[in-house]
Amino acid sequence: MTDGPFRNSALSTRWKQYGQDLVSDAASQDERVKQACHSVFGDIKFFDRLYGELNARTSREQMDLDSVAATETIFDNNERSTMSDTLERNLLCNLREGMPERKSLDLALEQAVGEILANAKNRVDEECIRARDVSDMSRSDFSKGLQRNRETFAAIDVGSVCAALENGNKNAFRRTVRKDVNDGPDD
């Protein structure tokens, strides 16, 4: 990708597309939301197996005496990622507060998704600042980009993101390919 305000950044192609959508008047709010969620999903690694094990554990009839230790073991036996670290921190906190395991997992997932989205929003804001500073983004596009980024992340339904992660549907927010709009008939 050579266009857009993030063309010179180290971000993934998905995030560069999102940056281009921020300053493009052709991209709708819904398209930006889908692209932001799709980009976030691209950053989440090693989650399906981990969540499957945690979910299976909460579904068992017989619970362990020490649910915190059993949960820590599951995290220790899985690959580490930003998402797993965030989920682990929230889940263990919920369990230590005495919350039932199912409720702890559901709430921890919601909390983790909220944190991941907040971090992604902040990262895009920082990239907008960097792009403006190196003249990859004009001042007007900078203002538009920050405003649209704030609006986009405010419009994301955390519950939908959680449901897609629970179901292992990483393509839940994949956008359909845009068709080129023709301004009129050819002469």
Q.
Output wanted: per-residue J couplings in Hz (rounded whole) for region 110-125, from phi through Karplus 6.51 cos²θ - 1.76 cosθ + 1.60, θ = phi - 60°, x for Gly and Pro.
A. 4, 5, 5, 4, x, 5, 4, 5, 4, 5, 5, 4, 5, 5, 5, 4
Q) Based on the Kirkwood radius over alpha-carbon pairs, what value in µm²/s does the Stokes-Einstein equation return for the translational diffusion coefficient of region 1-155 at 37 °C and 0.692 mPa s? A) 191 µm²/s
Q | Angle in degrees between helix 13-23 and the longest Cα principal axis of the chain, rounded to the nearest 10 | A | 50 degrees
(Q) Considering only C-alpha atoms, what is the centroid distance from region 1-80 to region 111-161, in Å? (A) 16 Å
(Q) List the aspartates and glutamates whose Cα sits under 13 Å from the Cα of LYS144, skipping any in the same chain fewer than 8 residues away. (A) ASP21, ASP25, ASP125
Q) For the chain, which whole percent of the accessible surface, found with a 1.4 angstrom probe, sits on carbon and sulfur atoms? A) 46 percent
Q: Name the most mobile residue of GLU88, GLU151, GLU97, meaning the one with the largest mean-square fluctuation, in a Gaussian network model of the chain with Cα contacts below 10 Å.
A: GLU97
Q | Nearest-20 debye value, the chain charge dipole, Cβ charges on Lys, Arg, Asp, Glu | A | 200 debye
Q: Please state, as a whole number in µm²/s, the translational diffusion coefficient that the Stokes-Einstein equation yields for region 23-93 at 10 °C and 1.306 mPa s, with Rh defined as the Kirkwood radius across alpha carbon pairs.
A: 111 µm²/s
Q) Taking LYS45 as the anchor, which lysines have their alpha carbon closer than 22 Å to its alpha carbon, excluding any fewer than eight residues away along the same chain? A) LYS16, LYS34, LYS121, LYS170
Q: Could you do me a favour and compute the accessible area per residue for the chain, 1.4 Å probe, result in Å²?
A: 55 Å²
Q: Taking the chain as the reference, fit the longest principal axis to its C-alpha atoms, fit the long axis of helix 82-96 to the helix C-alpha atoms, and give the angle between the two in degrees, 0 to 90, nearest 10.
A: 40 degrees
**Q.** Using θ = phi - 60° and Karplus 6.51 cos²θ - 1.76 cosθ + 1.60, couplings along region 40-48 (whole Hz; Gly, Pro as x)
**A.** 4, 4, x, 8, 8, 10, 6, 9, 4
Q) Put a dot 7 Å past each Cα toward the Cβ at ALA26 and THR13; how far apart are the dots in nm? A) 1.8 nm
Q) What angle, in degrees between 0 and 90 and rounded to the nearest 10, separates the Cα long axis of helix 139-155 from the longest principal axis of the Cα atoms of the chain? A) 30 degrees
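The values are calculated or read from the model by the stated rules, or taken from the named source; none is laboratory data. Keep in mind that this is a model prediction, so the values were computed, not measured. Positions of Cβ are generated from backbone atoms using ideal geometry, with glycine treated the same way; all protein chains shown enter the neighbour counts. Just so you know, the surface numbers come from the protein's heavy atoms only, side chains and all, with ligands and any DNA or RNA stripped out. Shrake-Rupley method; radii C 1.70, N 1.55, O 1.52, S 1.80 Å.
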